[in-house]
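What follows is a set of notes on a single structure, which appears directly below.
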Amino acid sequence: MSDSPNRAYFARRYMLSASHRLHADALSKEENLQAYGKCNNPNGHGHNYVIEVLVGGSVDPATGMVCNMMVLDNAVHERVMQRFDHTNLNLDPLFVNQVPTTENLCRAVYEVLIDAIQPAELARVRVEETENNFFEYSG
Amino acid sequence: MVFLTRRATFSASHYYWNETWTAEKNEQVFGRCANRNGHGHNYTVEVTVAGEPDPVTGFVVDLKWLKAVIEDEVLEAYDHRHLNLEVPEFARGKAIPTTENIAISVWNRLRAKVAGAGGATLERVRIYETPDIFAEYRGGR
């Protein structure tokens, strides 16, 4: 979307709990251990992820909003929470052929939300895996 | 270019209401925010300024000065106020005091002051309504 005086952004943060195991089929057992360390534990482990969804667009003069939060909440609930919350990410079809690193989870969340909040646009998805690391994707 | 951010907090009440709509439509679109008795938040303002550090002071802008400007231009007007009833830009029939519009209003209150301080420009205003909800204005970019 092009610049305009009433272009602004709105964001909400959501918490998602899930387990994963980082393991690449293309690598040997030793290489996996070397690349992923404790994250390669065959039994998996989990995180409380924070998903921050930033939406951009024109502020509607009638509502004062870029995107009604109810629309954003519904989209995130239906497309992200119901799919990923309290699940094992490795078992999701998206992660059959790619490792469920937080980089890939971030991109997956962006892809499933991309057309869910029109006419507003998805500006950025941030996924915080722990308090000390986070990942961002803007397409 | 270096970016500098100063954070401040204010507490205020507000409600969302479009005067041209029926009560039913206001309640449908704005939900609990349409309660005309109002409700309140502890807001956090983040003001980001961009510029080159001054070769003598090493400052993009003097943080003490920026703190005072935010206090005079924003907190004085918004803190412990009812935004709809006490802040001119959110008066009846004007902008609805959503988080987006608060971000735009804070930008409008600060832009010229920052530009007049010599070299730095206002880059971004972010308003947190709660720790999990924020809006941002970058001058329309």
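The dipole here belongs to chain A: it is taken about the Cα centre, uses +1 on the Cβ of Lys and Arg and -1 on the Cβ of Asp and Glu, and is about 140 debye.
Convex hull volume of the C-alpha atoms in region B:64-134, normalised per residue: 98 Å³.
When chain B is treated as a Gaussian network with alpha carbon springs shorter than 10 Å, the biggest mean-square fluctuation among B:Ala50, B:Ala115, B:Ala103 belongs to B:Ala115. Spacing of the modelled spin labels on A:His86 and A:Ser138, each 7 Å from Cα toward Cβ, amounts to 3.6 nm. Between the residues B:Ala103, B:Phe30, B:Ile70, the greatest Cα displacement towards the positive end of the dipole of region B:1-120, with unit charges on the Cβ of Lys, Arg, Asp and Glu, is found for B:Phe30. Ordering A:Gln34, B:Leu83, A:Phe95 by Cα displacement along the dipole of the protein assembly as shown toward the positive end leaves B:Leu83 in first place; charges were set at the Cβ atoms of Lys, Arg (+1) and Asp, Glu (-1). Per-residue Karplus couplings for region A:26-32, computed as 6.51 cos²θ - 1.76 cosθ + 1.60 with θ equal to phi - 60°, are listed in order as 6, 9, 6, 4, 5, 5, 4 Hz, Gly and Pro entered as x.
Normalised by residue count, region A:48-100 yields a Cα convex hull volume of 102 Å³ per residue.
Remark: relative contact order (chain B) = 29 percent; criterion is Cα-Cα distance under 8 angstrom and separation of 6 or more residues.
When only the Cβ of Lys, Arg, Asp and Glu is charged (+1, +1, -1, -1), the dipole of the protein assembly as shown relative to its Cα centre reaches about 320 debye.
Based on the Cβ-Cβ distance from B:Trp21 to B:His82, what FRET efficiency comes out when R0 is 30 Å, to the nearest 0.05? Efficiency, from the Cβ-Cβ distance: 0.90. Couplings for region A:99-107, taken from phi via the Karplus curve 6.51 cos²θ - 1.76 cosθ + 1.60 with θ = phi - 60°, read 6, x, 5, 6, 4, 6, 5, 4, 5 Hz in order; Gly and Pro are left as x. Per the Cα gyration tensor, chain B maps to an equivalent ellipsoid with semi-axes of 32, 13, 13 Å, ordered largest to smallest. Peptide B:92-99 has a mean of 3 when you count, residue by residue, the C-beta atoms of other protein chains within 10 Å of its C-beta.
A Stokes-Einstein calculation at 37 °C with viscosity 0.692 mPa s, built on the Kirkwood radius of the protein assembly as shown over Cα pairs, returns a diffusion coefficient of 157 µm²/s.
A simple charge model with +1 on the Cβ of Lys and Arg, -1 on the Cβ of Asp and Glu and nothing else charged puts the dipole of region B:36-106 at about 440 debye relative to its Cα centre.
Computed log10 I(q)/I(0) for region A:20-139 at 0.15 Å⁻¹: -0.72, from the Debye equation with unit scatterers placed on every C-alpha and solvent omitted. GNM, chain B, Cα, under 10 Å: largest mean-square fluctuation among B:Gly38, B:Gly118, B:Gly51? With Cα springs under 10 Å in chain B, the top fluctuation among B:Gly38, B:Gly118, B:Gly51 is at B:Gly118. With θ taken as phi - 60° and the Karplus curve 6.51 cos²θ - 1.76 cosθ + 1.60 applied, the whole-hertz 3J(HN,Hα) list for region B:134-141 is 9, 10, 9, 10, 10, x, x, 8 Hz, x standing for glycine and proline.
Every number here is computed from the coordinates shown, using simple stated rules; none is lab data. Every value quoted in this text rests on a predicted model; they were computed, and no experiment measured them. Note: ideal-geometry Cβ built from the backbone for every residue, glycine included; neighbour counts use all protein chains shown.
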